[in-house]
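Colleague: One structure, pasted below without further comment.
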Amino acid sequence: MKTSRFARPVDNAILGVFRIFFGSLMLVSLIRFAAKGWIKDLYITPKFFFTFEGFHWVQPLPGNGMYWLFGGLMVLCVCIILGLFYRLSMGLFFLGFTYVELIDKTNYLNHYYFISVLSFLLIFFPLHHRFSLDRQWFAQLRQQTVPFWYVAALRCQIGLVYFFAGIAKLKYDWLVYAEPLKTWLAVRTNYPLVGAWLQYDWVPYLMSWAGALFDLSIAFLLAWWVSRPVAYGLVVVFHLLTWLLFNIGIFPWIMMVSATVFFSTGFYQRVFSSPVLAPSHSSPALPWRTRLVKGFVAFFLIVQCLLPLRHWLYKGDVLWTEEGFRFAWNVMLIEKTGLVSFVAHDPQTQQQWEILPGKILTPLQEKMMATQPDMILQLAHHLGKQLRQEGHPKIQIRAKSYLAFNGRKSQPYIHPEVDLMQIKWQQPRSEWLLPLL
């Protein structure tokens, strides 16, 4: 019986190299995070944390616990690089890293979400069958090949990030107004070499359209062997340019490293001098465990296809309401500046007073909260609960909120007459947000 394309054996060097790349990049990222003092700034200094719905129980570790946690994550990265107790190390890394990201919405970034998604998926993949200590110690891992579907699934996950980032760019602001690139590039005209070009009006439009086309097509170009060398060159140029022009952390480097999984398995076979693989002419029945993993990975990838589309279930522009905005590869689509204060009203005493969020939040938290409706609502509920405990059982909390969005003038954001204490997070935001003008 002829072996199917996805079941055919391929050299597993591609997965071993990817494991080393991934672990090394995560280690550098964590060291950078600690060196910049962000552990203290983001997880120890704040008095209040914007937790995710359903994860309100996730709180930072007390004392120096967060420092110990980051130290443990660094050790796990070393284990991943070495292929030491790989599945356990990757599983613990996923749990630890995702725990850190669930503490505060303030710190949400697309590439942090990508790391959680990827590390979870990699738990089930045999990345330790090559270039690993596990391989040296456990004879059953000394295999030169893996079924091609492991490589295909990894390519699919990485390709989905690009493709849905491209779909997200098919917005009026991005294509017609070249926003927010027009706003961002206008303040970068003093950059060496490229600054002079950024003064031209057509440059933001060129970059906006080119960015959308790149994201929509690059996974397909990488998958085709004819266009792959040029496509990977475009990946490097594109991500280096975004890294130089915009402050987006390690995301460009993650994507440049991830794109190497599109290189042919034959390329890795030649580089690492593996023997030529004999073609398989039979397709034995899969063990139940392999069937289970294949089914789970397929289900996981389907979920990854559906999550970026969920914003169609809600009314309004997703970039304005941010309903369904996170976990959907909406990369570099918005430039928002907000200003929010809260008005507390006690109907029993008719007292009314203003509450400034800067007295509770860090500057970063205040900046992010002022542009994200769910965070405004969450802080309003927190303030209301505190005031109820202080003897105001029927307290009402309203927001005075203004937002400047993608080059537009500032306009009111939260409906000023709505008592946010009566709003649940499940309610449509169109009921308490003012429409975009």
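The values are calculated or read from the model by the stated rules, or taken from the named source; none is laboratory data. Values in this document were obtained by computation on a predicted structure and should not be read as measured data. Positions of Cβ are backbone-derived with ideal geometry, glycine not excepted, and every protein chain shown enters the neighbour counts. The protein model used for the area step is the full one, side chains on, heavy atoms only, and it has no ligands, DNA or RNA in it. Shrake-Rupley method; radii C 1.70, N 1.55, O 1.52, S 1.80 Å.
Colleague: Given R₀ = 22 Å, what would the calculated FRET efficiency be for residue 364 paired with residue 51, taking r from the Cβ atoms and rounding to 0.05?
Modeller: About 0.85, to the nearest 0.05.
Colleague: Quick one: what are the phi-derived ³J(HN,Hα) couplings along the stretch 192-198, Karplus 6.51/-1.76/1.60 with θ = phi - 60°, whole Hz, x for glycine and proline?
Modeller: Listing the rounded values in order: x, 6, 8, x, 4, 6, 5 Hz.
Colleague: Additional query: I'd like the carbon and sulfur percentage of the solvent accessible area for the stretch 84-210, probe radius 1.4 Å, heavy atoms only, ligands and nucleic acids excluded.
Modeller: On the stretch 84-210, the fraction of accessible area on carbon and sulfur atoms equals 70 percent.
Colleague: Taking 8 Å as the Cα distance limit and 6 or more residues as the minimum spacing, I'd like the relative contact order of the chain as a percentage.
Modeller: Across the chain, relative contact order equals 18 percent.
Colleague: Let me ask another. Would you work out what percent of the accessible area of the stretch 1-63, with all protein chains in place, is carbon or sulfur (probe 1.4 Å)?
Modeller: 67 percent
Colleague: Taking H as built 1.01 Å from N, whose amide H comes closer than 5 Å to the amide H of residue 355, not counting residues under 5 places away?
Modeller: Those lying under 5 Å, H to H, from residue 355 are 342, 343, 344.
Colleague: Pull up the cross-link candidates among the lysines for residue 182, meaning alpha carbon to alpha carbon under 21 Å and not fewer than 8 places away within one chain.
Modeller: Excluding near neighbours in sequence, the set is 169, 171, 336, 409.
Colleague: Counting Lys and Arg as +1 and Asp and Glu as -1, what is the net charge of the other residues whose Cβ lies under 13 Å from the Cβ of residue 395?
Modeller: Neighbourhood net charge equals +1.
Colleague: Ok, one more. As an exercise, identify the chymotrypsin sites (Phe, Trp or Tyr not before Pro) in the stretch 154-201 lying in DSSP coil whose Cβ has no more than 14 other Cβ atoms within 10 Å.
Modeller: In loop regions of the stretch 154-201 (DSSP not H, G, I, E or B), the sparsely surrounded chymotrypsin sites (Phe, Trp or Tyr not before Pro) are 200.
Colleague: On a 0 to 90 degree scale, rounded to 10, what angle separates helix 373-389 from the longest Cα axis of the chain?
Modeller: Tilt of helix 373-389: around 50 degrees.
Colleague: Rolling a 1.4 Å sphere over the protein heavy atoms, what is the accessible area per residue of the chain, to the nearest Å²?
Modeller: Ligands and nucleic acids excluded, the result is 50 Å² per residue.
Colleague: What FRET efficiency comes out for residue 206 versus residue 349 if R0 is 56 angstrom and r is the Cβ-Cβ distance? Round to the nearest 0.05.
Modeller: After rounding, the FRET efficiency stands at 0.40.
Colleague: Just to confirm my numbers, what's the Cα centroid distance between the stretch 194-249 and the stretch 45-81 in Å?
Modeller: About 34 Å separates the Cα centre of the stretch 194-249 from the one of the stretch 45-81.
Colleague: Taking 60 Å as R0, compute the FRET efficiency from the Cβ-Cβ separation of residue 246 and residue 64 and round it to 0.05.
Modeller: So, using R0 = 60 Å, E works out to roughly 0.95.
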